[in-house]
Amino acid sequence: AVPFLIRLFPSLLTKFVYLNFLAFPFFVDFRRPELLVSNTINLYLTTEPGVTVGIWHTVPSSKGAEAQGKDQRWYEEALADAHPVIIYLHGNGGTR
């Protein structure tokens, strides 16, 4: 019955392979990363029309004391300094 269902509904295969409908850990507000990770802010990046990607910007621990209580503008300016930026692509699970 499973091959027949996959043939009729190919989107089912995608759902079960990638499990992108699951959000783990449960009951966590990913718009408030400061509750989970120190010196982190939530941002959104529009990659193309209709596609918005949520991102977290975490400054290094060496800038942690300076980052306390700063707003989004400070974090955006911190991205423009001479330090390297590491991009971590977590996968397609729908969480960060």
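The values are calculated or read from the model by the stated rules, or taken from the named source; none is laboratory data. This one's a predicted model, so the numbers in the text were calculated from it and none came from an experiment. Heads up, the Cβs are rebuilt from the backbone with ideal geometry, glycines too, and the neighbour counts pull from every protein chain shown. Side chains are part of the model used for accessible areas, which takes the heavy atoms of the whole protein and leaves out ligands, DNA and RNA. Shrake-Rupley method; radii C 1.70, N 1.55, O 1.52, S 1.80 Å.
Using only side-chain charges placed at the Cβ, +1 for Lys and Arg and -1 for Asp and Glu, the dipole size of the stretch 1-90 relative to its Cα centre rounds to 440 debye.
Quick one: accessible area per residue over the chain, 1.4 Å probe, rounded to a whole number of Å²? Can you show the working numbers first?
Working: 7980 Å² over 96 residues.
Using a 1.4 Å probe on heavy atoms only, each residue of the chain averages 83 Å².
Look at the dipole of the chain built from charges on Cβ: of TYR18, THR46, LEU79, the Cα furthest out on the positive end belongs to TYR18.
Quick check: from the Cα gyration tensor, does the stretch 34-82 come out rounded (a/c under 1.5), prolate or oblate? Since a/c reaches 1.5 and a/b is larger than b/c, the shape of the stretch 34-82 is classed as prolate. In the chain the longest region clear of chymotrypsin sites (Phe, Trp or Tyr not before Pro) that are loop-assigned by DSSP and have at most 10 other C-beta atoms within 10 Å covers 28-87. Listed values [x] 21.8, 74; [y] 13.4, 40; [z] 18.2, 59 include one computed from this model; for Rg and Dmax of the Cα atoms in Å that value carries the label [z].
On the stretch 1-86, 63 percent of the accessible area sits on carbon and sulfur atoms, based on a 1.4 Å probe.
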